[in-house]
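Notes for the one structure printed next.
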Amino acid sequence: MKDAQLKHLTLEIVAGSPRQVFAAFMLDRRGRGLSSKTLSFYQDELELFLHFLDGQGVNQLSELTPETIRLYLLHLSERRNGGGCHAAYRCIRALLRWAWDEYDLPGRNPITRVSAPKRRTDVLPGVSLVDVQALIGVCKNDATALRDKAIILTLLETGARAGELCAWNIADFDAHSGALTIRHGKGDKRRVVFVEKATRRAIAAYLRMRR
């Protein structure tokens, strides 16, 4: 079979159904080594979009229009804030950009005509010093309290995510320098953060209480 015929057949089979394109897209994302959390994010957001397309009678990718995407985002805005709608938009954009590039689809990608939803950029207030002191104040000298104190101080000083902290092993901590190695951060990136002497002492006190 000639290359042109094979490409045409591929377009008919894969690019016809949004769900088939979605399945191929997710296979590509998994092959890129994305984290399970990122894959779940794509899965959940795009499943909602595909369900909406089913209700709109969109059975082929060629039937998808900018108006349909705008209608979906408007539908989402009834129960989500701007940030939530923007997250959905990013997933749809990633899917459609991938499809148009992967299969060299004819016509203009409809997402290019849809403006991204606006999202507020207000900075959330941090935890006050009074609240931090109150949290530490209730951590007494039993194993659980020592653990909690070490966790609070470590998160406060490093800015690490909860999942990153839960993934730490003793080998990732240098008690002398206070260095903590994050082996799989956002985007599977590795980085090193540091804690001060007081936090190092809190971690050491907890480790001494562990079996």
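The values are calculated or read from the model by the stated rules, or taken from the named source; none is laboratory data. Computed from a predicted structure; not experimentally measured. When we count neighbours, we look across all protein chains shown, and the Cβ atoms used for this are built from the backbone with ideal geometry, even at glycine. For accessibility, only protein heavy atoms count, side chains too; no ligands or nucleic acids. Shrake-Rupley method; radii C 1.70, N 1.55, O 1.52, S 1.80 Å.
Assorted remarks:
- In this calculation the C-beta distance from Thr121 to Ser62 is compared with R0 = 41 Å, giving a FRET efficiency of 0.65.
- Most mobile of Ala24, Ala167, Ala134 in a GNM of the chain (Cα contacts under 10 Å): Ala134
- Accessible area per residue (1.4 Å probe, heavy atoms of protein chains only) ranks Arg208, Arg29, Arg201, Arg90 as Arg208, Arg201, Arg90, Arg29, with the largest value leading.
- Length-normalised contact order for the stretch 58-158 - Cα pairs under 8 Å, 6+ apart - percent: 25 percent
- Among the trypsin sites (Lys or Arg not before Pro) found in the stretch 95-152, those both in a DSSP coil and sparsely packed, with 14 or fewer other Cβ atoms within 10 Å of their Cβ, are Arg108, Lys118, Arg119, Arg120, Lys140.
- Remark: the chain carries 66 Å² of accessible area per residue (probe radius 1.4 Å; ligands, DNA and RNA excluded).
- Taking Lys and Arg as +1 and Asp and Glu as -1, the other residues whose beta-carbon sits under 11 Å from that of Gly185 total +4.
- In order through the stretch 92-107: 3J(HN,Hα) via Karplus (6.51 cos²θ - 1.76 cosθ + 1.60), integer Hz, x for Gly, Pro: 4, 4, 4, 4, 6, 4, 5, 5, 5, 7, 5, 10, 6, 5, x, x
- Residue with peak Gaussian network fluctuation, the chain [Cα springs, cutoff 10 Å], from Ser77, Ser17, Ser128: Ser128
- Of all accessible heavy-atom area on the chain, the percent that carbon and sulfur account for (1.4 Å): 54 percent
- P(r) of the stretch 28-164 over all Cα-Cα pairs, binned every 10 Å from zero, in whole percent: 9, 28, 24, 17, 13, 7, 1
- Within the chain: Cβ-based charge dipole about Cα centre, in debye rounded to nearest 20 (Lys, Arg +1; Asp, Glu -1): 780 debye
- Within a Gaussian network of the chain (alpha carbon springs, distance under 10 Å), most fluctuating of Gly84, Gly163, Gly126: Gly126
- Contact order relative to length of the chain, as percent, for alpha carbon pairs under 8 angstrom and 6 or more apart: 16 percent
- Per-selection Kirkwood Rh - the stretch 83-128 (Cα, Å, 1 d.p.): 12.7 Å
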